[in-house]
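Worksheet for the structure shown next.
The values are calculated or read from the model by the stated rules, or taken from the named source; none is laboratory data. Just so it is clear, the model here is predicted, and its values are computed rather than measured. Cβ sites come from the backbone with ideal geometry, for glycine too, and all protein chains shown count toward neighbours.
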Amino acid sequence: MIKVLVVDDSALVRRVLSEELARDPEIEVVGTAPDPYVARDKILSLAPDVLTLDIEMPRMDGLSFLRKLMKHKPMPVVVVSSLTPKGSEMAMDALALGAVDVFCKPGEAYSVGELSKELIARVKGAARARMTVRTDAPPSKPMEALKETTLKIIAIGASTGGTEALREVLQRFPVNSPPTVVVQHMPEKFTKAFADRLNGICAIEVREAKDGDTLRPGLALIAPGNLHMMLQRSGAVYSVAVKDGPRVHHQRPAVDVLFKSIARVAGKNAVGAILTGMGGDGADGMLEMKQAGAKTIAQDEKSCVVFGMPKEAIARGGVDSVMSLELIAQGIMSKL
């Protein structure tokens, strides 16, 4: 059983989250808390495996509580945030502090049926996360500029723990790196805040993708939450299609959708990387990429928060190289 503590100042949200989580026989909601002070005491008495955490609360905000929690008692945290610009920005701060996933407030993005599936999946993913005491690491430095640019494409997929993994990789990309397309499992609206955050700290430009965006060196596009992203080409020009469609591996955007389009459109001119995350999304697509001649990389188990997606990709034979997170940017550039 996965023991969950729900922390939110809204009694309605506490009730909704508790009821939805209780639908899964592998999850037990052991308690709720209206603020961080009550949560602190219940963490000690109930020993939950996962916390769901509101950010905007009275007495102590969720970010301050998360900072203390990750310093003294690291544990998997799923942030439950509003879709407002402020809420999205604070959610990015929470992920940087050590939260492993983010989820929209009930009623803001999901139907009733989707709410249960999404929430349960994110809590189960968080329960498998490998947690460590947070330390202030020096920022990653970008690599030297590439001597030449060619018509290459970089594709990256990630899920649980992926926001910090992607930061580590993209911060190391040189300013003229090949066009990059990224799927990170994340709810609608949060992907724009995530892209904006990366854009402010990377040498390359990073932004949320729009349908028809043209790819160019020095640009990375993040698939929008709740939409699939696919590579397309007209002559020598690559662009992306951003479309609705059925969920794949319960995900939209799905890494498999992107990777399979990369295999069809770019083939041997692509390099793919699959990072930390729960489940098997991306494994089939990475195999198709390799079969089409692309070079492929998986993050190693030791540096993953959750060794699910890379493990599946390796097991299916779609991976050329397995690397620690700190070496993946260099590995990608070496395969271009």
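For the stretch 37-59, enumerate the residues that are closer than 17 Å to V4 by Cα, out of contact with any Lys or Arg (no Cβ under 8 Å at 6 or more places or on another chain), touching a residue at least 40 places away in the same chain (Cβ under 8 Å) and not polar (S, T, N, Q).
L51, L53, D54 - these are the residues of the stretch 37-59 that are closer than 17 Å to V4 by Cα, out of contact with any Lys or Arg (no Cβ under 8 Å at 6 or more places or on another chain), touching a residue at least 40 places away in the same chain (Cβ under 8 Å) and not polar (S, T, N, Q).
Those residues that are crowded, with 23+ Cβ neighbours inside 10 Å and in contact (Cβ under 8 Å) with a residue 40 or more places away in the chain, I need them from the stretch 295-307; list them, please.
Scanning the stretch 295-307 gives Q299, C304, V305, V306.
Looking at (1) crowded, with 24+ Cβ neighbours inside 10 Å; (2) over 21 Å from T276 (Cα atoms), which is the one condition that is false for G200?
Against the list (1) crowded, with 24+ Cβ neighbours inside 10 Å; (2) over 21 Å from T276 (Cα atoms), G200 comes up short only on (1).
Taking the stretch 69-80 as the search range and keeping residues that are without any contact (Cβ under 8 Å) to a residue 60 or more places away in the chain and within 14 Å of L95 (Cα to Cα), which one is farthest from the chain's Cα centre (by Cα)?
Checked the stretch 69-80; the qualifying residue farthest from the chain's Cα centre (by Cα) is L69.
If you go through the stretch 192-216, how many residues are within 15 Å of A155 (Cβ to Cβ) and out of contact with any strand residue (DSSP E or B) (no Cβ under 7 Å at 6 or more places or on another chain)?
So the count comes out to 0.
Is there a residue being without any contact (Cβ under 8 Å) to a residue 24 or more places away in the chain and either in a strand (DSSP E or B) or closer than 14 Å to L227 by Cα (or both) anywhere in the stretch 187-206? First the steps, then the outcome.
First, pick out the residues of the stretch 187-206 that are without any contact (Cβ under 8 Å) to a residue 24 or more places away in the chain: 196, 199-200, 205.
Narrowing further to those that are either in a strand (DSSP E or B) or closer than 14 Å to L227 by Cα (or both): 205.
Yes, the conditions are met somewhere in the stretch 187-206.
If the requirement is being outside any loop (DSSP other than H, G, I, E, B), within 15 Å of S116 (Cα to Cα) and assigned by TED's automatic domain parsing to the domain that holds P106, which of these qualifies: L63, L12, L17, L53?
On inspection, the qualifying residue turns out to be L17.
Let me confirm something: among L258, L327, L221, L231, which residue is free of Cβ contacts under 8 Å to residues at least 24 places away in the same chain, of a type in the set (A, V, I, L, M) and in the same structural domain as I204 (by TED's automatic domain parsing)?
L327
Keeping to the stretch 254-309, report how many residues are of a type in the set (V, I, T) and in contact with a Lys or Arg (Cβ under 8 Å, 6 or more places away or on another chain).
Final tally of qualifying residues: 6.
Given the condition modelled with pLDDT under 95, in contact with a Gly (Cβ under 6 Å, 6 or more places away or on another chain) and among the basic types (K, R), answer yes or no: does some residue in the stretch 146-160 qualify?
Within the stretch 146-160, not a single residue is modelled with pLDDT under 95, in contact with a Gly (Cβ under 6 Å, 6 or more places away or on another chain) and among the basic types (K, R).
How many residues does the stretch 294-331 contain that are of a type outside the set (G, A, S) and over 24 Å from H250 (Cβ atoms)?
Qualifying residue count for the region: 12.
What number of residues in the stretch 242-257 are closer than 13 Å to S159 by Cβ, among the hydrophobic types (A, V, I, L, M, F, W, C) and in contact with a strand residue (DSSP E or B) (Cβ under 7 Å, 6 or more places away or on another chain)? It would help to see each step written out before you state the result.
The initial filter retains those residues of the stretch 242-257 that are closer than 13 Å to S159 by Cβ, namely 248-256.
This time we only want the ones that are among the hydrophobic types (A, V, I, L, M, F, W, C), so: 248, 254-255.
Pick out the ones that are also in contact with a strand residue (DSSP E or B) (Cβ under 7 Å, 6 or more places away or on another chain) and you get 254-255.
Number of matching residues: 2.
Considering the stretch 101-115 alone, what residues qualify as being at pLDDT 70 or above and surrounded by 18 or more Cβ atoms within 10 Å (Cβ to Cβ)?
Selection gives D101, V102, F103, C104, K105, P106, L115.
Give the residue that is surrounded by the fewest Cβ atoms within 10 Å (Cβ to Cβ), with candidates limited to residues of the stretch 224-264 that are within 24 Å of E114 (Cβ to Cβ) and of a type in the set (S, T, N, Q).
N226
The conditions are (1) in a loop (DSSP other than H, G, I, E, B); (2) modelled with pLDDT under 95, and G87 fails exactly one of them. Which is it?
(1)
Just one of G62, G31 is buried (at least 23 other Cβ atoms within 10 Å of the Cβ) and touching a residue at least 24 places away in the same chain (Cβ under 8 Å); which is it?
On the way: G31 fails: buried (at least 23 other Cβ atoms within 10 Å of the Cβ).
Exactly one residue qualifies, and that residue is G62.
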